[in-house]
1. Given the alpha-carbon gyration tensor of region 151-199, what are the semi-axes of its equivalent ellipsoid in whole angstrom, ordered largest first, with each equal to the square root of 5 times an eigenvalue?
2. With Cβ to Cβ distances under 15 Å as the rule, what net charge do the other residues near P156 carry (K, R +1; D, E -1)?
3. In angstroms, what radius of gyration and Dmax does region 150-237 have, counting Cα atoms only?
4. I'd like the accessible area for E204: 1.4 Å probe, protein heavy atoms, all chains in place, Å² to the nearest 10.
5. If I model a spin label at R233 and A212 as a point 7 Å from the Cα along the Cα→Cβ vector, what separation in nanometres do I get?
6. With point charges of +1 on the Cβ of Lys and Arg and -1 on the Cβ of Asp and Glu, referenced to the Cα centre of region 1-151, which listed residue (L60, C124, A147) lies farthest in the positive direction of the dipole?
7. Give a quick list of GluC sites (Glu not before Pro) in region 232-320 that DSSP marks as loop, anything other than H, G, I, E or B, with at most 14 other Cβ atoms within 10 Å.
8. For an R0 of 35 angstrom, estimate the FRET efficiency from the Cβ-Cβ distance between K47 and R292 and round to the nearest 0.05.
Amino acid sequence: MILSLAPMEGLTGHVFRRVHAECFGALDRYYTPFLAPPHVGSAFGKKAAAEIDPESNRGLNVVPQLLTKDAEAFVWAAQLLAEMGYREVNLNLGCPSGTVVAKGKGSGFLRSLKELDVFLDRICAESPLPVSVKTRIGVADDAEYEAILAMYLKHPLAELIVHPRVQKDRYQGAPRQEAYGKTLAVAPFPVAYNGDIFDVEDYEALVATYPATRHVMLGRGILANPALGRMIRGGAAATREELERFHNLLFEAYREEIGGNAVFRMKEWWFYAKCAFTDPLAVHRAVRKARRIDEYQAAVDRVFGTQELADVARFNSQLS
Ligand SMILES: Cc1cc2nc3c(=O)[nH]c(=O)nc-3n(C[C@H](O)[C@H](O)[C@H](O)COP(=O)(O)O)c2cc1C
């Protein structure tokens, strides 16, 4: 089984994946959060360049993800990525954010199937790298997926990663796993599942229902429980020491990268990581007010010194 880390803007960038792999063992594959391709003829911008710098990703199997509806820019970016040694490029057709959708990108591209069909024709023919797609199953209604899937089936995709929600679901409601099952049954190319795999039981239930599953992408589940991949493979849950070491290395690496803003970056991580404790709200209250590095460090020391770890660390979307 291939286990990969989902692309999550602001959360699962190069710092996170390096520290995660060091502390909990590398997953089989890591996807970068979405990158905007540069203008044709230009290099990637500073932030994207740092994300894909081979030096920051050494030893990890990383697939860069692009968010665009401009085929020429996609192909140009794929050329740059091929020159850097990448072996696959992923297209984001899932992002539900209002501003992205309004521009017809991410899941907004699913509204214009004819245009998307032409776009995929072109990038699959001209990209020097195999193209995989991460998709939602529609914009407003899952009935849209029949036409969307029929369109995908015409293209030589390297892989189709299905997050079986529609754009309007955002991250709410149960994923419509049947849409994934249908894709798995009919697609001539590899298919991956993504959505709400938060513990070993969720994983086992998915695989029991769809035994042909070959790739599961984990997102919030790994943020709440960085040992989830290891546990799915039969290994142990994270100990307090492991979790604290992971936190400390992550914080240190973010400080090196972005200085004092590391506190805000870490607070985004705590939104998920608090679920590893029996009293997530107490953890949330302890870290939320910290602004300066010393305040933050004191809050975190209190959390690791006093809060009990939950028996099962599991992301819970109700706790916000
Ligand atoms: C804060 C946040 C940022 C995300 N950023 C991206 C992104 O850059 N590209 C993408 O394809 N999906 C993005 N996603 C979606 C995730 O990759 C994934 O599809 C989603 O979280 C469902 O999987 P999960 O239930 O395992 O978390 C993001 C999700 C969240 C919550």
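The values are calculated or read from the model by the stated rules, or taken from the named source; none is laboratory data. A quick note: this is a predicted structure, and the numbers were derived from the prediction, not measured. In this analysis, Cβ positions are derived from the backbone assuming ideal geometry, glycine residues included, and neighbour counts consider all displayed protein chains. SASA here: full protein model, heavy atoms, side chains in, ligands and nucleic acids out. Shrake-Rupley method; radii C 1.70, N 1.55, O 1.52, S 1.80 Å.
1. Largest first, region 151-199 gives 21, 12, 9 Å.
2. That works out to -3.
3. Rg then Dmax for region 150-237, in Å: 13.6, 43.
4. 110 Å²
5. The two pseudo-label positions are separated by 2.7 nm.
6. L60
7. E308
8. Details: r = 25 Å, r/R0 = 0.70.
Approximately 0.90, to the nearest 0.05.
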